[in-house]
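A.B. asks: What follows is a structure written as structure tokens; I'll ask about it next.
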Ligand code: DNO
């Protein structure tokens, strides 16, 4: 595996490449052209400039998170082919730039959803948290307002104000889209992009829906083992793979994370590894990465990745806000650096105890 950190670009991130370079064992970053809208074609010069900036800092651009999917593709409107053509052009340009992993999601309207961005924990750190009760009490517009007021001035991924300004219209578009329709539209999209992925060796890594159930009545399909295996089978190409995100699949306590990892051998192209602490089955917060601070056994998760021979990029995920850092919620430097060091430690111990070099 290759340990990486997510980085939003020098215009948007409070964390610098120099700081990332100094985290032991982190050799790459996962980035994006933050600021491009879903459906836009990415310019080669922008891709190459991003790559050069990262390489000049002594790091590798290990993959893209995300090339976002236009709602026309998810809904399956008549103009979807135009947006898929754009997506294919972007993939071609990424492939030509020697970039081979692309994370994306197929969540209607919203990307990931949290109800609190700064819940205070007993140690004084603040974390992202979710309660179903809070979602049930809100309408989507209020949810957007509370999230953007709380974001330390940053734009959270998937919550871009330009899209959220049309939230009612977006909900309207999905009126007739149920789980089956969403599966069909995902299949159509994947079948169209697989030839370019084959040509350039691009691994597509779908991110799970977070939380792993329907929010505000919208369909959500990338939520459990049965659905993800269905997706792998419906377009049975190794480039059709997943981002295994423990914190997203883990929102549903019925998901057995190590078992899911083992069932996805050969198809996990990217891993987000983080812990959650459940206070009840509908109230969870994003604890430190350490097993004893949360609900998941992080050793078992890393062991399952080791057992399937996972060799893609991995990153610690949302960190707590500690040591008075001010940053995009979940994406500060300090706690993610602690997470990377911890995951590296688990990996080294697993490799040594199994007699394999790292
Ligand atoms: C949240 C992230 C997601 C993820 C997208 C992938 O912090 O894990 O926003 O990047 O769902 O497209």
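Just so it is clear, none of the values below were taken in a lab; they were calculated from the coordinates. Source: prediction; values computed, not measured. Ideal geometry is used to build each Cβ from the backbone, glycine not excepted, and the neighbour counts take in all protein chains shown.
A.B. asks: Those residues that are out of contact with any helix residue (DSSP H, G or I) (no Cβ under 7 Å at 6 or more places or on another chain), closer than 17 Å to residue 304 by Cβ and in contact (Cβ under 8 Å) with a residue 60 or more places away in the chain, I need them from the range 231-267; list them, please.
C.D. replies: Scanning the range 231-267 gives 243, 245, 247, 248.
A.B. asks: Looking at (1) closer than 21 Å to residue 269 by Cβ; (2) more than 16 Å from the ligand (Cβ to nearest atom), find the lone condition where residue 62 falls short.
C.D. replies: (2)
A quick yes/no check of all residues on (1) part of a loop (DSSP other than H, G, I, E, B); (2) under 26 Å from residue 341 (Cβ atoms); (3) away from the ligand (no atom under 15 Å from the Cβ):
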| position | (1), (2), (3) |
| --- | --- |
| 10 | yes, yes, yes |
| 20 | no, yes, yes |
| 54 | no, yes, yes |
| 87 | no, no, no |
| 90 | no, no, no |
| 104 | no, no, no |
| 112 | yes, yes, no |
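A.B. asks: Return the residue satisfying two criteria in turn: it lies in the range 30-46 and is assigned to a helix (DSSP H, G or I) and out of contact with any helix residue (DSSP H, G or I) (no Cβ under 6 Å at 6 or more places or on another chain), and of such residues it is surrounded by the most Cβ atoms within 10 Å (Cβ to Cβ).
C.D. replies: Here the residue is 46.
A.B. asks: Ok, one more. Which residues, taken from the range 181-215, are buried (at least 16 other Cβ atoms within 10 Å of the Cβ) and in a loop (DSSP other than H, G, I, E, B)?
C.D. replies: Within the range 181-215, 202, 208, 209, 210, 211, 212, 215 meet the criteria.
A.B. asks: What's the number of the only condition in (1) more than 12 Å from the ligand (Cβ to nearest atom); (2) buried (at least 16 other Cβ atoms within 10 Å of the Cβ) that residue 145 fails to meet?
C.D. replies: Going through (1) more than 12 Å from the ligand (Cβ to nearest atom); (2) buried (at least 16 other Cβ atoms within 10 Å of the Cβ) one by one, residue 145 breaks only (2).
A.B. asks: Can you pull out the residues in the range 187-205 that are within 16 Å of the ligand (Cβ to nearest atom), within 23 Å of residue 261 (Cα to Cα) and touching a helix residue (DSSP H, G or I) at 6+ places or on another chain (Cβ under 7 Å)?
C.D. replies: Listed by number, the residues that qualify are 202, 204.
A.B. asks: Going by what's in this entry, would residue 27 be described as touching a strand residue (DSSP E or B) at 6+ places or on another chain (Cβ under 7 Å), under 30 Å from residue 265 (Cα atoms) and either free of Cβ contacts under 8 Å to residues at least 24 places away in the same chain or surrounded by fewer than 20 Cβ atoms within 10 Å (Cβ to Cβ) (or both)?
C.D. replies: yes
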